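Taking it in order: structure first as structure tokens, then the write-up.
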Amino acid sequence: MPEPDLLSLQLDHLSELQRRYDAALAAHGYDSLLIASGAAPYRYGDDQAWHFQGYGPFLHWTGLTGRSHCWLWVRPGRSPVLWLHEPEDFWHANQPLPREPWQDIVDVRPRPEPSAPPLPAPGRLAIIGDPALIADLPGDINPAGLLQALDETRVHKTPYERACLAEANVRALEGHLAARRAFLDGESEFGISLAYQRATGQREADAPYHSIIGLNEHAGTLHYQYYDTRPPAAPRSLLIDAGVRYRGYCSDITRTTAGPGESRFAALVHGLESLQQRLCGMVAPGVDYVDIHRKAHQGVAALLTAAGLVTGLDEEAQVAQGVTRAFFPHGIGHFLGVQVHDVAGKPTPPPADAPFLRLTRVLEPGMVVTIEPGLYFIPSLLDGLRAHPVGRHVNWSLVNQLRGCGGIRIEDNVAVTGEGGRNLTRAS
Ligand code: GLY
Ligand code: MN
Ligand code: MN
């Protein structure tokens, strides 16, 4: 049972959401809004469905993941109505709904049918959700202007949301500790995944994203998606990027551990972690997130020089000539919320020097972001670097000693406060 304080914060969250939605509906000329939780499609030619999690705006209001065919009706100045799909079905179970105070604000009604409920006097109605489920309903389907305004309601997290994100961090950290222990005990990627799931009490399908667990070279694939069931003969490194969902809210944490005897790689991990902590320290209102990304490149350049991986090329030139991008090709992070890559991060497209950056805004209190620099040995990018004239500055023999460790990423989740930042991943 969650803390009474959290349940009370949830009531404030709902009032604030009502206020934000009322304003968005009024600005776009709608009298009411129907939100479809969604449903997982069946695999083509099969009778099995994909695993279902839920549509962002529905989770923003309810936090109820994994509930397909539910509908939430929002009207200015009126209590929201939640139709909870509870079919009579002897093949599957209906998830019980624990009694909590938010149900005094939201009118919860069971509904056996999966279809949209009939709405008495909806006025000018917008309906949002997966078009496959709502395309034929009578109302404006996914109106772009309104959708954009609703995405914006998710940018500044309420105190309830920040508390849920913090708890999602606490739980994921238990998993990361267990994963590290399993690695040092010689487990395989699969064994490490089991240790993580056991410690977090969450099966992987319900986590915010499929965990990325890479040993050795696999750590150099940014979103490595398989699990070897046997450990490598010589475990040199572990990169694990894994989170937890708590009441709909996601954590997104990455840790890298050097294997026994990998002192050179361990020093690089230590250096990247120091850089990552300095970047977390930059999170504050008024800071342009793109500047944190650029600072990360300068830091990676300094690290490449300090490690002896690049020689005879100053940091500025390393960044300008694309050396750092060969070692750190992704963005410094993104918004975090009911989706791991939360919405509304790119009102302006990323600059040319950061094409994969998912967040291009100036930070404001209430935003929650990830800070996740990396340094990888990615064969295709290293081949490109070696073929380029600037590649002569790279110490290839050292690269060859380290490439079997795959790469490093360190990722924390940081909330922007009134004065600075609060690192939710290192709060205790
Ligand atoms: N776990 C995916 C990411 O860090 O963005
Ligand atoms: Mn991330
Ligand atoms: Mn991640």
Condition check for residue 49: of a type in the set (A, V, I, L, M) and more than 19 Å from residue 340 (Cα to Cα): yes
Residue in segment 236-258 that is surrounded by fewer than 19 Cβ atoms within 10 Å (Cβ to Cβ), more than 16 Å from ligand 1 (Cβ to nearest atom), assigned to a loop (DSSP other than H, G, I, E, B) and at negative phi present: no
Condition check for residue 326: more than 16 Å from residue 152 (Cβ to Cβ), in contact (Cβ under 8 Å) with a residue 40 or more places away in the chain, of a type in the set (A, V, I, L, M) and more than 10 Å from ligand 2 (Cβ to nearest atom): yes
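Which of the residues that make up segment 66-92 are within 29 Å of the chain's Cα centre (by Cα), part of a loop (DSSP other than H, G, I, E, B) and over 17 Å from residue 133 (Cβ atoms)?
Looking only at segment 66-92, we keep the residues that are within 29 Å of the chain's Cα centre (by Cα), and these are 66-74, 80-85.
Narrowing the set further to residues that are part of a loop (DSSP other than H, G, I, E, B) leaves 66-70, 80.
Within segment 66-92, 80 is the sole residue that qualifies.
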Members of segment 223-282 found to be over 15 Å from the mean Cα position of the chain (by Cα) and polar (S, T, N, Q), listed by number: 225, 229, 237, 256, 257, 263, 274, 276, 277
Residue list for segment 177-231, restricted to those being within 16 Å of ligand 1 (Cβ to nearest atom), surrounded by fewer than 19 Cβ atoms within 10 Å (Cβ to Cβ), free of Cβ contacts under 8 Å to residues at least 40 places away in the same chain and of a type in the set (Gly, Ala, Ser): none
Restricting segment 319-343 to residues that are part of a loop (DSSP other than H, G, I, E, B) and away from ligand 1 (no atom under 16 Å from the Cβ), the residue that is nearest to the chain's Cα centre (by Cα): 322
Test: residue 172 is under 27 Å from residue 369 (Cβ atoms), crowded, with 23+ Cβ neighbours inside 10 Å and of a type outside the set (Val, Ile, Thr): yes
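For segment 139-150, does any single residue satisfy the condition of being over 30 Å from residue 240 (Cβ atoms), charged (D, E, K, R) and exposed (fewer than 15 other Cβ atoms within 10 Å of the Cβ)?
Filtering segment 139-150 for residues over 30 Å from residue 240 (Cβ atoms) gives 139-150.
The next check asks that each one be charged (D, E, K, R); those that pass are 140.
Those still in the list that are exposed (fewer than 15 other Cβ atoms within 10 Å of the Cβ) too: none.
Within segment 139-150, none of the residues are over 30 Å from residue 240 (Cβ atoms), charged (D, E, K, R) and exposed (fewer than 15 other Cβ atoms within 10 Å of the Cβ).
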Test: residue in segment 174-189 that is within 16 Å of ligand 2 (Cβ to nearest atom), closer than 26 Å to residue 270 by Cα, of a type outside the set (Val, Ile, Thr) and at pLDDT 95 or above: yes
Odd one out for residue 171 among (1) basic (Lys, Arg); (2) within 24 Å of residue 66 (Cβ to Cβ); (3) more than 16 Å from ligand 3 (Cβ to nearest atom): (3)
Test: residue in segment 10-29 that is over 28 Å from residue 121 (Cα atoms), in a helix (DSSP H, G or I), touching a residue at least 40 places away in the same chain (Cβ under 8 Å) and of a type in the set (S, T, N, Q): yes
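Every residue, every condition in (1) crowded, with 17+ Cβ neighbours inside 10 Å; (2) more than 16 Å from ligand 3 (Cβ to nearest atom); (3) farther than 29 Å from residue 183 by Cβ; (4) under 22 Å from the mean Cα position of the chain (by Cα), yes or no:
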site	(1), (2), (3), (4)
386	no, yes, yes, no
406	yes, no, no, no
411	yes, no, no, yes
414	yes, no, no, yes
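The values are calculated or read from the model by the stated rules, or taken from the named source; none is laboratory data. Everything quoted here is computed from the prediction, not taken from an experiment. Ideal geometry is used to build each Cβ from the backbone, glycine not excepted, and the neighbour counts take in all protein chains shown.
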